[in-house]
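Colleague: Pasting a structure below so you can have a look.
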Amino acid sequence: MNFVPTSLAGAILIEIDRKEDMRGFFARLWCREEFAGHGIAIDIVQASMSHNAAAGTLRGMHFQWPPSREAKLVRCERGRIYDVIIDLRSDAPTYMRQFAVTLDADRRNALYIPPGIAHGFQTLVDNSDVLYMMSDFYNAGLQAGVRWNDAAFGIAWPIAEVTILPRDAEYPDFDPAAFTAEYARRAAA
């Protein structure tokens, strides 16, 4: 595997190293030792998938409040997605910055998302399946998000017409001071 740092501290793009022959190819997708060697100490405790029937489907921008320390490894198993992350770690040098990458089933690339970063994606083709491997168990009481089209982040989504849940479309405008205070309150609890 090739580990490519992104512009957000700790977020890493993982590209497979194909061993090809007349049968096709073989590639490793996960190795705890190899990931740890690149500074990714993730203990996978849960895996989920989403099936997205139509191009333009938008999921996100989701994160878990403390005390969750959820990290994710995200891969597109079928189709193609425009994957976006936003750094919500107020003490990080990349706070409020975003990074976007196309993940697709042909390249089989993945994105490691450290704790404290919001995640979302938009499908670029019909019938896209996304696999999420997480380091913490989902807790509905800690689930939160920021709005996909909030001017504070300025994400340039590739498809203008989106299919999105009302919950994701109705997050309020991002208020950095209020967010930082709430994050600190929850982390201290």
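The values are calculated or read from the model by the stated rules, or taken from the named source; none is laboratory data. Fair warning: this is a prediction, and the values are worked out from it, not measured in the lab. So basically every Cβ, Gly included, is an ideal-geometry build from the backbone, and we count neighbours across all protein chains shown. Protein only, heavy atoms only, side chains kept; ligands, DNA and RNA dropped before computing areas. Shrake-Rupley method; radii C 1.70, N 1.55, O 1.52, S 1.80 Å.
Colleague: I need every pair where a residue in segment 104-122 that is free of Cβ contacts under 8 Å to residues at least 60 places away in the same chain has its Cβ under 7 Å from the Cβ of a residue that is of a type in the set (Asp, Glu) and in a loop (DSSP other than H, G, I, E, B), sequence separation at least 6 or different chains.
Modeller: Pairs that qualify, where the first residue is free of Cβ contacts under 8 Å to residues at least 60 places away in the same chain and the partner is of a type in the set (Asp, Glu) and in a loop (DSSP other than H, G, I, E, B), are PRO115/GLU70.
Colleague: Could you tell me whether segment 96-116 includes any residue that is among the aromatic types (Phe, Trp, Tyr), part of a loop (DSSP other than H, G, I, E, B), surrounded by 15 or more Cβ atoms within 10 Å (Cβ to Cβ) and modelled with pLDDT of 95 or more?
Modeller: Filtering segment 96-116 down to residues among the aromatic types (Phe, Trp, Tyr) leaves 99, 112.
After this cut, where a residue has to be part of a loop (DSSP other than H, G, I, E, B) as well, the list is none.
No - not one qualifying residue is present in segment 96-116.
Colleague: I'd like the full set of residues that are among the small types (Gly, Ala, Ser), assigned to a loop (DSSP other than H, G, I, E, B) and closer than 21 Å to TRP157 by Cα, limited to segment 134-147. Quick ask: steps written out before the conclusion?
Modeller: So in segment 134-147, the residues among the small types (Gly, Ala, Ser) come out as 135, 140-141, 144-145.
Filter once more, keeping what is assigned to a loop (DSSP other than H, G, I, E, B): 135.
Residues satisfying the conditions do not exist here.
Colleague: Any residue in segment 25-54 that's more than 10 Å from MET1 (Cβ to Cβ) and without any contact (Cβ under 8 Å) to a residue 24 or more places away in the chain: show its pairings with residues that are charged (D, E, K, R) and surrounded by fewer than 11 Cβ atoms within 10 Å (Cβ to Cβ) at Cβ separation under 9 Å, as long as the two are six or more apart or on different chains.
Modeller: Listed by first residue and then by second, the contacts come to PHE25/LYS19; PHE26/LYS19; PHE26/GLU20; ARG32/ASP43.
Colleague: Please work out if ARG167 is free of Cβ contacts under 8 Å to residues at least 24 places away in the same chain, basic (Lys, Arg) and over 18 Å from ARG89 (Cα atoms).
Modeller: Working: free of Cβ contacts under 8 Å to residues at least 24 places away in the same chain: yes; basic (Lys, Arg): yes; over 18 Å from ARG89 (Cα atoms): yes.
Considered against the rule, which asks whether it is free of Cβ contacts under 8 Å to residues at least 24 places away in the same chain, basic (Lys, Arg) and over 18 Å from ARG89 (Cα atoms), ARG167 comes out as yes.
Colleague: Restricting to segment 2-14, name every residue that is open to solvent by 30 Å² or more (accessible area, probe 1.4 Å) and either in a loop (DSSP other than H, G, I, E, B) or among the acidic types (Asp, Glu) (or both).
Modeller: Answer for segment 2-14, where residues must be open to solvent by 30 Å² or more (accessible area, probe 1.4 Å) and either in a loop (DSSP other than H, G, I, E, B) or among the acidic types (Asp, Glu) (or both): SER7, ALA9, GLY10.
Colleague: Among (1) open to solvent by 40 Å² or more (accessible area, probe 1.4 Å); (2) in a loop (DSSP other than H, G, I, E, B); (3) of a type in the set (A, V, I, L, M), where does LEU131 come up short?
Modeller: Among (1) open to solvent by 40 Å² or more (accessible area, probe 1.4 Å); (2) in a loop (DSSP other than H, G, I, E, B); (3) of a type in the set (A, V, I, L, M), LEU131 violates only (2).
Colleague: From the set of residues in segment 170-183 that are free of Cβ contacts under 8 Å to residues at least 12 places away in the same chain and part of a helix (DSSP H, G or I), which is farthest from TYR82 (Cα to Cα)?
Modeller: Pass one, segment 170-183, residues free of Cβ contacts under 8 Å to residues at least 12 places away in the same chain: 175, 177-178, 181.
From what is left, the residues that are part of a helix (DSSP H, G or I) are 177-178, 181.
On the way: ALA177: 29, ALA178: 29, ALA181: 31 Å.
Selected residue: ALA181.
Colleague: Another question, if that's okay. Listed residues THR123, THR163; which is modelled with pLDDT of 95 or more, under 16 Å from the mean Cα position of the chain (by Cα) and closer than 18 Å to ASN52 by Cβ? Please lay out each step first, then the result.
Modeller: Numbers: THR163 fails: under 16 Å from the mean Cα position of the chain (by Cα).
One residue alone meets the criteria, THR123.
Colleague: Can I ask one more? Residues that are among the β-branched types (Val, Ile, Thr): which strands (runs of 3 or more DSSP E) entirely in segment 15-81 hold 1 or more of them?
Modeller: Details: elements: 19-21, 24-26, 46-52, 58-64, 72-78.
In segment 15-81, 72-78 are the strands (runs of 3 or more DSSP E) which contain 1 or more residues that are among the β-branched types (Val, Ile, Thr).
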